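The structure appears right after this line, and notes come after that.
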Amino acid sequence: MQVFSKFPELKTTIFTQMSALARECGAINLSQGFPDFSPHPKLLEAKCKAMKQGANQYAPMQGYMPLRERIAEKTQELYGFVCNPETEITITAGATQAIFTAILTFLNPDEEAILIEPVYDSYLPAVRLCKGIAKFVELNPNDFSVPWQQVKKLISKKTKLILINSPHNPTGSTLKKKDLQELEKLTKGTDILIISDEVYEHIIFDKQSHESILRYPELAKRSLVISSFGKTYHVTGWKVGYVVAPENLTAEFRKVHQYNVFCVNLPAQIAFYEILKEKSLYEELGQFYEEKRNFFQKLLQSTRFQLKKVEGTYFQLVSYEKITNEKDIDFAIRMTKEFGVAPIPLSVFYSKQNDYKHLRFCFAKENETLEKAAEKLTKI
């Protein structure tokens, strides 16, 4: 049978490839972004309790209402943004599904989406699946700041979406107040929508505050803001996230969402409702990972890698330009096979596979894991 492929050039994601290679080689997997430690016991207990009490059937398509109400409370407390849990919050099967559904909902053929690269790998395939046109702006390679004048030059009558991500995966940089103010100026008086990927909103360092789109009323009116419970509560495998958006955008989003996944795991939603009562778990998450960052950076000082500044997320970017001239993908594979540590090469996050000799390590690991990895990295 001849099969027509909508993605003839697309391969399995680099995350899947590197994790598989790490398993095959028995290497320490610092490639894919997931913790190797257990979530809070109360979260596990709450999910088990929900299942035992019979919460095993379909959830409401929009999401478990008590959870949405608690999200609304949290959003107002953190960002001063008041939203209606009935009409402006939707629970999704993780952030990637939310991003995909948002793009699928609003981007039409031949309309343009501006992507800021290095860019998380799910954005571009979703744009192409909609037969949209991707326009790329590259972060400044020195400090990973956004060149807003270049963004401005790309805006046209065909621009429908701008996708932003902060704290940023894979660079660990963050958007500042001036960035959001600039974005507000660029989109004022237009019909451009913003998809704001904020899954690492609570993992931000050095006494910074997360500059959510929701802090800016004019931006919030045109935005879908995406968050992740998996990143916040160390349960990436549960795949639960949510979208906050104005009622008119939410109504359209849900039309696609209901046929995309219909609804999300009910016991998990009930568990997140319960765990959100423990505010300290997300309020202190940044400090928890900041200590991880500092610990890992100290370990890497005895290696030949050059560390890049990390303002948020649980990823450490390093330069290996003083070690080898190999392509980053080739070096990442060789590191996994020969030295027993699996990273992610950064070129895969660029549309033209720009190779700046950068690798990404995930430090959401037990200290023992990081120590073992560092011991191997010192041998390079």
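Read the figures in this text as sums done on the coordinates, not as results from a lab. Just so it is clear, the model here is predicted, and its values are computed rather than measured. Methodologically, a virtual Cβ is constructed for each residue, glycine included, from the backbone with ideal geometry; neighbour enumeration extends over all protein chains shown.
The three principal axes of the Cα atoms in the range 55-278 give end-to-end lengths of 51, 42, 30 Å, sorted in falling order. Which one of Ile226, Pro141, Ala55 has its Cα pushed farthest toward the positive end of the charge dipole of the range 55-278, where Lys and Arg give +1 and Asp and Glu give -1 at the Cβ? My answer, from the dipole projection, is Pro141. The Cα-based radius of gyration and maximum Cα-Cα distance (Dmax) for the range 238-370 are 19.8, 54 Å. Exposure proxy ranking for Trp238, Trp148, based on other Cβ atoms within 10 angstrom of each Cβ and starting from the fewest, stands as Trp148, Trp238. Where a Cα-Cα gap under 14 Å defines reach, which aspartates and glutamates qualify for Lys309, not counting those fewer than 8 residues away within the same chain? Filter leaves Asp143, Asp206, Glu290.
Taking every alpha-carbon pair under 8 Å whose residues sit at least 6 apart, the chain reaches a relative contact order of 25 percent.
Grab the beta carbon distance between Ser351 and Ala251, set R0 = 35 Å, and tell me the FRET efficiency rounded to 0.05.
Here the calculated transfer efficiency is 0.60.
In plain terms, the residue of Arg68, Arg128 with the fewest other Cβ atoms within 10 Å comes first and the most crowded comes last, giving Arg128, Arg68.
Dipole magnitude for the range 214-354: about 240 debye, using +1 per Lys or Arg Cβ and -1 per Asp or Glu Cβ, origin at the Cα centre. In this simple spin-label model, placing a label point 7 Å from the Cα along the Cα-to-Cβ direction at both Lys221 and Glu278 gives a separation of 4.1 nm. Look at the alpha carbon pairs under 8 Å that are at least 6 residues apart: their mean separation over the length of the range 81-175 gives a relative contact order of 28 percent.
Mind checking which of Leu307, Leu104, Phe253 is farthest towards the positive end of the chain's charge dipole, using Cβ charges of +1 (Lys, Arg) and -1 (Asp, Glu) about the Cα centre? Sorting the options by dipole projection puts first Leu104. For the pair Met61 and Ser319 in one chain, pulling the backbone fully straight at 0.36 nm per residue adds 88.4 nm over the alpha carbon distance. When only the Cβ of Lys, Arg, Asp and Glu is charged (+1, +1, -1, -1), the dipole of the range 55-278 relative to its Cα centre reaches about 400 debye. Dipole size of the chain about its Cα centre, with +1 on Lys/Arg Cβ and -1 on Asp/Glu Cβ: approximately 440 debye, rounded to the nearest 20. Sorted fewest first by neighbouring Cβ atoms within 10 angstrom, Ser196, Ser319 come out as Ser319, Ser196.
Annotation: lysines with alpha-carbon distance below 17 angstrom to Lys160 (same-chain offsets under eight excluded): Lys131, Lys135, Lys152, Lys185, Lys188, Lys221.
Among all lysine pairs in the range 1-117 that are eight or more places apart or on different chains, how many have alpha carbons less than 30 angstrom apart?
Details: Lys42/Lys52; Lys42/Lys74; Lys47/Lys74; Lys49/Lys74; Lys52/Lys74.
Count of close lysine pairs: 5.
On the beta carbon distance between Ala20 and Asn108, with R0 = 41 Å, the FRET formula returns roughly 0.70.
Of all aspartates and glutamates in the structure, those lying under 19 Å Cα to Cα from Lys337, and not within fewer than 8 positions of it along the same chain, are Glu24, Glu326, Asp328, Glu371, Glu375.
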